[in-house]
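Before any comments, here is the structure.
The values are calculated or read from the model by the stated rules, or taken from the named source; none is laboratory data. Here the structure is a predicted model, which means the values were calculated and not measured. Here the Cβ positions follow ideal geometry from the backbone for every residue, glycine too, while neighbour counts run over all protein chains shown.
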């Protein structure tokens, strides 16, 4: 499995990743590190506690990391959540709607991790 | 000039402040070939790095949302500290949120990059921002000294710092030159002649010094040169020229600090060479001195004393001892001198010779002196209240104390607060200080004297005696230096002592002879008509309790109220 094939499988943008990390080797190195990135866990924990500030921080961090790795769909989903909980601005969504979007995010995140694990196994 | 050839340009250092480990790793990966990278995982850790390594940080890459201190707090705190004005900050934001960006700009951020990072855009922005800051910082500095053509002090320091940072293993020596009695030359020959002389000296040293890297003018008549280290003794090149067409013979003193420690600041490096010069100032025939380990130990010791002095004063580690003076006419104690002792729990008994001159240089002596005066007043008050015998106590004043504009008023207020007759507090003045600022010192002493405080001239005959001071200061007591009594008893020739006592008599001054140790000396001083004797023959300096016991045992019935 090549890096490019991985990006196709998880719905990421290889071109975006390439703009940040100039070689396939580097992209491969950092995409594996995404398995250990704590941002998603922080977001889950903060949302479970209905901690608005923590939810913002977790979503915002996930957005940044995913953007750097070219995981654009994940980044966009995280960005929506971050904006919902941005400090100083009013909430626009019901909690139930947030939960629906969290579900979508969980599914996309799980699919991405599966893809990366498959990539890791093929190395 | 250095900086060329084998000496490489240093990598600049950037600080990454970002809580996400992965983002930090990516940035480090992208920047490591061009920069030394420091990392901090939140705003507080970033500020700590800025404080500890601020001088070397060329730029900060700052995330916005982080735990502990976020990017806004980091910027606000950085902005409030002028030390970090010159360090530019690029914000890294994933948000594209305009409010955030405006707020960061208001707090002093210079630029933005957004996640995902674009490596080339980011690096270009960093380079141009660093270049801009460095060139504008350099514009503010005068690179060259107009008079001598050497580098200016600031630029010399800059070159030195840069060179050592880029080449920490470079072996080099710092040489400082200092023209002996330059001020007198200036007065005598005028500025124009002296400027010509300095220019000539700078040129000549630049030509003569072996392995010269660069030089700077770091004081009016003080030059510093960085040279490559040499194992052989090359210093005779310094002594070759000592004649000037206008001045005739002149003397330049040189201090050499070998194998410069790259961890030191430029100022500290130059200090080491000038410290070596200070050791040979006014010593005829010795014109080159090296900074050595003994000087380093002394510096470390002074640093240690400076670090602890304030806590020591607050913790009452400074203790007043009293050395009784014996009144030869009355045959009993007639006064005492208050002497300070520093008894430190960590360092033990600190030699006053070490800390007094240090405190005179750094100005702390004034804090210490006020403390001692108050301790003495409190002691006198305690004895008076207890009905114990009391004699006048003389306290030392330092030249630095005269910089306090209302010194006389403050001393009077202190004595009054303890309800003490002013005649109980004698002001002891070292004669050599009188040459510093005679007008100011005379005025303050006049005010003290008019307030009823007797004034004693200390150390008469110890060295720089100028008979003028006897005539122009409001004196009551002359303290004759112990060197005169030692010399008199060693040679059995009391003629100088006799002269000193006669002189004091003629001016209606009481005399105190210090350093008296033997019965023969006491007998001779009685014959000479001396008034008071201070010395081990009667007593060493005593802590307060023993001093009180001494007075109780030796004072007669006549007790001063």
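Considering each of B:126, B:122 in turn, give the residue that is within 28 Å of residue A:72 (Cα to Cα), modelled with pLDDT of 85 or more and within 14 Å of chain A (Cβ to nearest Cβ).
Numbers: B:126 fails: within 14 Å of chain A (Cβ to nearest Cβ).
Criteria check complete, one pass: B:122.
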For the range B:382-395, state whether one or more residues are assigned to a helix (DSSP H, G or I) and touching a residue at least 24 places away in the same chain (Cβ under 8 Å).
yes
Could you check the range B:148-194 and list, in sequence order, the residues that are exposed (fewer than 14 other Cβ atoms within 10 Å of the Cβ) and touching a strand residue (DSSP E or B) at 6+ places or on another chain (Cβ under 8 Å)?
B:171
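Each row is one residue, and each column tells you yes or no for (1) in contact (Cβ under 8 Å) with a residue 60 or more places away in the chain; (2) in contact with a strand residue (DSSP E or B) (Cβ under 8 Å, 6 or more places away or on another chain); (3) not assigned by TED's automatic domain parsing to the domain that holds residue B:256.
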position: B:196; (1), (2), (3): no, no, no
position: B:200; (1), (2), (3): no, yes, no
position: B:211; (1), (2), (3): no, yes, no
position: B:224; (1), (2), (3): yes, yes, no
position: B:227; (1), (2), (3): no, yes, no
position: B:233; (1), (2), (3): no, no, no
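In the range A:14-42, which residues are under 13 Å from the mean Cα position of the chain (by Cα) and not in a helix (DSSP H, G or I)?
A:37, A:38
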From the residues in the range A:43-69 that are surrounded by fewer than 24 Cβ atoms within 10 Å (Cβ to Cβ) and not in a helix (DSSP H, G or I), which one is nearest to the other protein chains (Cβ to nearest Cβ)?
A:51
Taking the range B:71-112 and keeping only residues that are within 12 Å of another protein chain (Cβ to nearest Cβ), surrounded by fewer than 18 Cβ atoms within 10 Å (Cβ to Cβ) and not in a helix (DSSP H, G or I), one is left with B:96, B:97
Considering each of A:43, A:21, A:32, A:6 in turn, give the residue that is closer than 17 Å to residue B:21 by Cα, out of contact with any strand residue (DSSP E or B) (no Cβ under 8 Å at 6 or more places or on another chain) and modelled with pLDDT under 90.
A:21
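For residue B:57, indicate whether it is over 23 Å from residue A:65 (Cβ atoms), buried (at least 17 other Cβ atoms within 10 Å of the Cβ) and outside the structural domain of residue B:264 (by TED's automatic domain parsing).
So residue B:57 passes the test.
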Being in contact with a strand residue (DSSP E or B) (Cβ under 7 Å, 6 or more places away or on another chain) and closer than 30 Å to residue B:343 by Cβ, is that true of even one residue in the range B:309-316?
yes
Does the range B:409-421 include one or more residues that are surrounded by 20 or more Cβ atoms within 10 Å (Cβ to Cβ), touching a residue at least 40 places away in the same chain (Cβ under 8 Å), over 22 Å from residue B:543 (Cα atoms) and under 33 Å from the mean Cα position of the chain (by Cα)?
yes
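Any idea which of B:135, B:80, B:177 is farther than 30 Å from residue A:57 by Cα and out of contact with any helix residue (DSSP H, G or I) (no Cβ under 8 Å at 6 or more places or on another chain)?
On inspection, the qualifying residue turns out to be B:135.
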Between residues in the range B:290-308 that are free of Cβ contacts under 8 Å to residues at least 24 places away in the same chain and residues that are part of a helix (DSSP H, G or I), which pairs lie under 7 Å by C-beta distance while being six or more apart or on different chains?
B:295/B:275; B:295/B:276
Has the range B:251-267 got at least one residue that is surrounded by 12 or more Cβ atoms within 10 Å (Cβ to Cβ), more than 19 Å from the chain's Cα centre (by Cα), more than 21 Å from residue B:197 (Cα to Cα) and in the same structural domain as residue B:536 (by TED's automatic domain parsing)?
no
Take the range A:17-27 and flag every residue that is buried (at least 20 other Cβ atoms within 10 Å of the Cβ) and either under 22 Å from residue A:107 (Cα atoms) or more than 11 Å from chain B (Cβ to nearest Cβ) (or both).
A:17
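Within the range A:70-97, restricting attention to residues that are in a loop (DSSP other than H, G, I, E, B) and closer than 12 Å to residue B:65 by Cα, which residue is nearest to the other protein chains (Cβ to nearest Cβ)? Explain how you work it out, then say what you get.
Here is the first cut: in the range A:70-97, the ones in a loop (DSSP other than H, G, I, E, B) are A:70-71, A:85-94.
Add one more test, that the residue is closer than 12 Å to residue B:65 by Cα, and what stays is A:86-87.
Values: A:86: 7, A:87: 9 Å.
If we take residues in the range A:70-97 being in a loop (DSSP other than H, G, I, E, B) and closer than 12 Å to residue B:65 by Cα, then A:86 is nearest to the other protein chains (Cβ to nearest Cβ).
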Only one of B:316, B:301 is closer than 23 Å to residue B:395 by Cβ, within 24 Å of the chain's Cα centre (by Cα) and either assigned by TED's automatic domain parsing to the domain that holds residue B:176 or surrounded by fewer than 17 Cβ atoms within 10 Å (Cβ to Cβ) (or both); which?
B:316
Can you name every one of the helices (runs of 4 or more DSSP H) wholly within the range B:447-559 that holds 1 or more residues which are surrounded by 19 or more Cβ atoms within 10 Å (Cβ to Cβ), in the same structural domain as residue B:326 (by TED's automatic domain parsing) and at pLDDT 90 or above?
B:495-506, B:519-528, B:544-554
Among the numbered criteria (1) closer than 22 Å to residue B:120 by Cβ; (2) in a helix (DSSP H, G or I); (3) away from chain A (no Cβ under 14 Å), which one does residue B:15 miss?
(2)
Please go through (1) over 24 Å from residue B:151 (Cβ atoms); (2) in contact with a helix residue (DSSP H, G or I) (Cβ under 9 Å, 6 or more places away or on another chain); (3) loosely packed, with under 15 Cβ neighbours inside 10 Å for residue B:282 and return the number of the only condition it doesn't satisfy.
(2)
Any chance residue B:400 is under 18 Å from the mean Cα position of the chain (by Cα), closer than 30 Å to residue B:439 by Cα and in contact (Cβ under 8 Å) with a residue 12 or more places away in the chain
yes
Quick test of your reading of the structure: residue B:65 fulfils all but one of (1) touching a strand residue (DSSP E or B) at 6+ places or on another chain (Cβ under 7 Å); (2) within 14 Å of chain A (Cβ to nearest Cβ); (3) not in a helix (DSSP H, G or I). Name the failing condition by number.
(1)
Return the residues of the range A:32-41 that are at the interface with chain B (Cβ under 10 Å from one of its Cβ atoms) and in contact with a helix residue (DSSP H, G or I) (Cβ under 7 Å, 6 or more places away or on another chain); say none if nothing qualifies.
A:33, A:34, A:37, A:39
